[in-house]
Amino acid sequence: MRCPFCGNVDTQVKDSRPAEDHVAIRRRRFCPACAGRFTTYERVQLRDLVVIKSNGRREDFDRDKLERSIRISMQKRPVEPERIDQMISGIVRRLESMGESDIPSKMIGEIVMESLARIDTVAYVRFASVYKNFQAADDFDKFVSELRPPVKPGE
Ligand SMILES: [Zn+2]
């Protein structure tokens, strides 16, 4: 993003946060050339997303399907429904703002897992176990231990 003060194109994002009730992302930017500070807003440009499956098949992105899989992972977890909605919207916006309309299903899975891991470990593990389709329990344990610092029993 070009600096509006000196024209330098190499500016840095110092802070990104949701704005306007998560309709936009507000970014604070800094220009190292002139020390100028300015703000940009990023908004969704809706587009039809196409999911590229691992077998190469394409299908229209289905938000409801994504939501169902996430809600199944979240069943009986102590997480506010509103927070789950926000997470799903955030995932969809991330996909929409990636600049590509064709998105590998693997990437969607990874974004979902990343989002779940931040909100609820159990839901994350449930989703990941289905998503990754682990063959061996050893692999699964290894995967979980690599992902997060050890969790104390009872947590
Ligand atoms: Zn500048």
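Things worth noting here:
- Selection within the stretch 1-59 - more than 15 Å from the ligand (Cβ to nearest atom), farther than 22 Å from Gly90 by Cβ and either hydroxyl-bearing (Ser, Thr, Tyr) or not assigned by the TED database to the domain that holds Gly109 (or both): Ser54
- In the stretch 36-47, the count of residues that are closer than 30 Å to Ser129 by Cα, surrounded by 12 or more Cβ atoms within 10 Å (Cβ to Cβ) and among the acidic types (Asp, Glu) is zero.
To keep it simple, each residue is scored yes or no on (1) touching a Leu at 6+ places or on another chain (Cβ under 9 Å); (2) among the basic types (Lys, Arg).
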position	(1), (2)
Arg27	no, yes
Ala33	no, no
Gly36	no, no
Glu59	no, no
Pro78	no, no
Ser89	no, no
Arg93	no, yes
Glu100	yes, no
Asp120	no, no
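- Met1 vs. criteria surrounded by 13 or more Cβ atoms within 10 Å (Cβ to Cβ), more than 22 Å from Arg126 (Cα to Cα) and either touching a residue at least 24 places away in the same chain (Cβ under 8 Å) or out of contact with any Phe, Trp or Tyr (no Cβ under 6 Å at 6 or more places or on another chain) (or both): yes
- Any chance Arg93 is in contact with a His (Cβ under 9 Å, 6 or more places away or on another chain), surrounded by 11 or more Cβ atoms within 10 Å (Cβ to Cβ) and at pLDDT below 85: yes
- Residue match in the stretch 99-106 (condition: assigned by the TED database to the domain that holds Glu59, part of a helix (DSSP H, G or I) and modelled with pLDDT of 80 or more): yes
The values are calculated or read from the model by the stated rules, or taken from the named source; none is laboratory data. As the structure is a computational prediction, the values presented were derived from the model and not from experiment. Methodologically, a virtual Cβ is constructed for each residue, glycine included, from the backbone with ideal geometry; neighbour enumeration extends over all protein chains shown.
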